[in-house]
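Undergrad: Quick one: structure below, then a few questions.
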């Protein structure tokens, strides 16, 4: 498949058989995007590659943890379009002895791998960029500068477009989703959906992120800034009060990469009920958080959309824990 065709690829919205509060639950199947095992990072990586070419750069540098789906997809896309790629992995203490399938695929796609610890991330990013400049490349670092600032609005467009897909489904099927739930880690996907919501003036609709990595206060600030930066790029000034960021950290379960038996049990239930595979680190944790939120708030008889952001590679990292 040519990457260009992915830009207009619409993933299906399908009904779930999972019963909770007599709600009408649907999935937006971003996990079915037909590239590199799918997931929301396919759309996000496309925006980075496009921006890289527009800026006249000839190599791309990504950053993330060893579980990162985005790093895998960027490496895979780079190999397809024959662009030099380097991935900088931040190694956390609990990752030091953990090989992941995402890391394996990233390496097999020919990406250069650099590792660092949390304490020296900016220095490693800076030295890595300088290394490739000295080799004659014009590198594109996906997050802007060494502190991760300056490129926040670029990937947001991907999920502004997806919001339009959702709106098209609603119009065609005579249905309005009152709630949209999503796993939120970097916050880019939720930022795009919120921008789409504002641009469509759908104030009745709640877009709720279930945090898989950050505390709510930190995530809200990041997503709020993303939304304002994106609106600036399209010359639309908005009041801060019109940005409604809802991101819940009640189900972090110890932090990024952590989960418990409740999440595992739900992942198994969804496989048996819907034939849909969720990974316990991202989508499974978010689906669990969604069900708990609906129960806790006694939400019934509503149209609910769960954006399935993928993560099948991570599912197999954890498969023994899921089925043991």
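Undergrad: Determine which single condition residue 20 fails, assuming it passes every other condition in (1) over 18 Å from the mean Cα position of the chain (by Cα); (2) without any contact (Cβ under 8 Å) to a residue 60 or more places away in the chain; (3) surrounded by 15 or more Cβ atoms within 10 Å (Cβ to Cβ).
TA: All conditions pass for residue 20, except number (2).
Undergrad: Also: Out of curiosity, is residue 74 in contact with a strand residue (DSSP E or B) (Cβ under 8 Å, 6 or more places away or on another chain), touching a residue at least 24 places away in the same chain (Cβ under 8 Å) and under 21 Å from residue 279 (Cα atoms)?
TA: yes
Undergrad: Report yes if some residue within segment 216-224 is assigned to a loop (DSSP other than H, G, I, E, B), more than 17 Å from the chain's Cα centre (by Cα) and surrounded by fewer than 20 Cβ atoms within 10 Å (Cβ to Cβ); otherwise report no.
TA: No, the conditions are met nowhere in segment 216-224.
Undergrad: Sticking with this structure for a sec: Looking at segment 237-247, which of the residues that are farther than 17 Å from residue 182 by Cα and out of contact with any helix residue (DSSP H, G or I) (no Cβ under 8 Å at 6 or more places or on another chain) is modelled with the lowest pLDDT?
TA: 241
Undergrad: Can you name the number of the only condition in (1) surrounded by fewer than 17 Cβ atoms within 10 Å (Cβ to Cβ); (2) modelled with pLDDT under 95; (3) not in a helix (DSSP H, G or I) that residue 250 fails?
TA: Looking at each condition in turn, residue 250 falls short on (2).
Undergrad: Please tell me if residue 136 is touching a strand residue (DSSP E or B) at 6+ places or on another chain (Cβ under 9 Å), in the same structural domain as residue 57 (by TED's automatic domain parsing), modelled with pLDDT of 95 or more and assigned to a loop (DSSP other than H, G, I, E, B).
TA: no
Undergrad: Let me ask another. So which residues in segment 1-11 are part of a loop (DSSP other than H, G, I, E, B) and surrounded by 11 or more Cβ atoms within 10 Å (Cβ to Cβ), if there are any at all?
TA: Selection gives 7, 9, 10, 11.
Undergrad: Now a separate question. How about segment 23-41: which of its residues are in contact (Cβ under 8 Å) with a residue 60 or more places away in the chain, closer than 22 Å to residue 168 by Cβ and in a helix (DSSP H, G or I)?
TA: Selection gives 30, 31, 40.
Undergrad: Let me ask something additional. Limited to segment 146-184, what total is found for residues that are assigned to a loop (DSSP other than H, G, I, E, B) and either within 24 Å of residue 211 (Cα to Cα) or outside the structural domain of residue 212 (by TED's automatic domain parsing) (or both)?
TA: Result for segment 146-184: 11.
Undergrad: Sticking with this structure for a sec: Which condition from (1) within 28 Å of residue 175 (Cβ to Cβ); (2) part of a helix (DSSP H, G or I); (3) touching a strand residue (DSSP E or B) at 6+ places or on another chain (Cβ under 9 Å) is the one that residue 230 breaks?
TA: (3)
Undergrad: What number of residues in segment 234-247 are under 15 Å from residue 194 (Cβ atoms), free of Cβ contacts under 8 Å to residues at least 60 places away in the same chain and not in a helix (DSSP H, G or I)?
TA: Here the count works out to 8.
Undergrad: In this structure, is residue 56 in contact with a strand residue (DSSP E or B) (Cβ under 8 Å, 6 or more places away or on another chain), on the phi > 0 side of the Ramachandran plot, outside the structural domain of residue 314 (by TED's automatic domain parsing) and surrounded by fewer than 17 Cβ atoms within 10 Å (Cβ to Cβ)?
TA: Against the criterion (in contact with a strand residue (DSSP E or B) (Cβ under 8 Å, 6 or more places away or on another chain), on the phi > 0 side of the Ramachandran plot, outside the structural domain of residue 314 (by TED's automatic domain parsing) and surrounded by fewer than 17 Cβ atoms within 10 Å (Cβ to Cβ)), residue 56 does not qualify.
Undergrad: Mind checking which residues of segment 295-324 are in a helix (DSSP H, G or I) and either within 18 Å of residue 252 (Cα to Cα) or touching a helix residue (DSSP H, G or I) at 6+ places or on another chain (Cβ under 7 Å) (or both)?
TA: Residues satisfying the conditions are 295, 296, 312, 313, 314, 315, 316, 317, 321, 322.
Undergrad: A further question on this structure: Starting from residues that are in a helix (DSSP H, G or I) and out of contact with any helix residue (DSSP H, G or I) (no Cβ under 7 Å at 6 or more places or on another chain), keep the ones in segment 264-280 and report whichever is surrounded by the fewest Cβ atoms within 10 Å (Cβ to Cβ).
TA: Checked segment 264-280; the qualifying residue surrounded by the fewest Cβ atoms within 10 Å (Cβ to Cβ) is 272.
Undergrad: Continuing with the same structure: As an exercise: evaluate residue 292 against (1) in a loop (DSSP other than H, G, I, E, B); (2) surrounded by fewer than 19 Cβ atoms within 10 Å (Cβ to Cβ); (3) at pLDDT 95 or above and give the number of the one condition it does not meet.
TA: Here residue 292 clears every test but (1).
The values are calculated or read from the model by the stated rules, or taken from the named source; none is laboratory data. None of these values were measured; they are calculated from a predicted model. Cβ: placed from backbone, ideal geometry, glycine included. Neighbour counts: every protein chain shown.
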